[in-house]
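Everything on this sheet refers to the single structure shown next.
The values are calculated or read from the model by the stated rules, or taken from the named source; none is laboratory data. The structure displayed is predicted, hence computed values, not measured ones. Cβ sites come from the backbone with ideal geometry, for glycine too, and all protein chains shown count toward neighbours.
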Amino acid sequence: MNYTILYPNWFYSYLDIPNLEEIQKELITLFESGVNRYERNKLYCNFPSIIVLSKCPELKKYLISKGLIGKFNRVLFSKDVNAERKTKVHVDSYDPTITTHSLNIGLTDCKNSYTVWYKTDKTKLRDSSEFGLDPVKNYAYLFLEEAEEIKRVEYNDRPVLVNTTILHRGVAEFSSRLICGLRFFPELTNGDIKRLGIINPHIQKD
């Protein structure tokens, strides 16, 4: 399978969530509880939507208000920016239509924390079959020296919708940094993104 990018000129768009502080508190509590969490690899952990919605009423209210409750699939938490992540860049699914967007929310110790995107001249990535995973549905990667940085976004007080089909990785000053990403299935349409308050989907503002 070839490395395929969707929206190659769009990396991220900031958005606003009215009840953000309440949602952040709910998500931190959920992460710390560890209830029904599952791990695909040692870099991330996931909570399925049925658990998230039962534990996070403010998040549920927000998703209902945006007409996205039926598409909400899971929350992925990313904490330790460890040695392995420092050496690799990845896409979230080799097939870019499976995981295209992530609605990322900074939770703790996010100062000097970034998502960084990369370009490469390679047409094929290393797939996740070496870890016993479906090579199409799951992530694929390159080593950092095989790619070149092209864009980054800092985690501040605003959530950000990011493009997960371009090679990327997390960079953080503090190992205690915690962010999460809301994932959707089927993937977000332009209409869904506009309801989130992003007037021009997939257009880079800076």
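Some points to look at:
- Residue 164 being within 17 Å of the chain's Cα centre (by Cα), surrounded by fewer than 21 Cβ atoms within 10 Å (Cβ to Cβ) and within 23 Å of residue 93 (Cα to Cα): no
- When the criteria are applied in full, residue 158 meets the requirement of being surrounded by fewer than 20 Cβ atoms within 10 Å (Cβ to Cβ), under 26 Å from residue 68 (Cβ atoms) and touching a strand residue (DSSP E or B) at 6+ places or on another chain (Cβ under 7 Å).
- Those residues of region 147-163 which are touching a residue at least 40 places away in the same chain (Cβ under 8 Å), charged (D, E, K, R) and either touching a Ser or Thr at 6+ places or on another chain (Cβ under 8 Å) or over 11 Å from residue 105 (Cβ atoms) (or both), in sequence order: 151, 154
- Criterion: free of Cβ contacts under 8 Å to residues at least 60 places away in the same chain and over 25 Å from residue 29 (Cβ atoms) - qualifying residue of 121, 127: 121
- Of 20, 107, all but one fail to be in contact with a Leu (Cβ under 6 Å, 6 or more places away or on another chain), under 19 Å from residue 159 (Cα atoms), modelled with pLDDT of 95 or more and surrounded by 15 or more Cβ atoms within 10 Å (Cβ to Cβ); the exception is 107.
- Residue ID - modelled with the lowest pLDDT, chosen from residues in region 81-96 that are farther than 21 Å from residue 10 by Cβ and not in a loop (DSSP other than H, G, I, E, B): 83
- Taken over region 167-192, the criterion of being of a type in the set (D, E, K, R) and outside any strand (DSSP E or B) is satisfied by 173, 177, 187, 192.
- Scanning region 129-154 for residues that are over 18 Å from the mean Cα position of the chain (by Cα) and modelled with pLDDT under 95, we see that the one that is farthest from residue 167 (Cα to Cα) is 132.
- Condition met for residue 119 (under 16 Å from residue 148 (Cβ atoms), modelled with pLDDT of 95 or more and of a type in the set (D, E, K, R)): yes
- Checking residue 77 against (1) modelled with pLDDT under 95; (2) more than 17 Å from residue 179 (Cβ to Cβ), the condition it does not meet: (2)
- Long-range neighbours under 6 Å by Cβ, at least six apart or interchain, first residue under 20 Å from residue 176 (Cα atoms) and part of a strand (DSSP E or B) within region 34-57, second among the aliphatic types (A, V, I, L, M) and at pLDDT 90 or above: 44/76; 46/76; 47/75
- Scan of region 33-55 for residues that are over 15 Å from residue 102 (Cβ atoms) and either at pLDDT below 90 or touching a Ser or Thr at 6+ places or on another chain (Cβ under 8 Å) (or both), ordered by number: 33, 34, 35, 36, 37, 38, 39, 41, 42, 55
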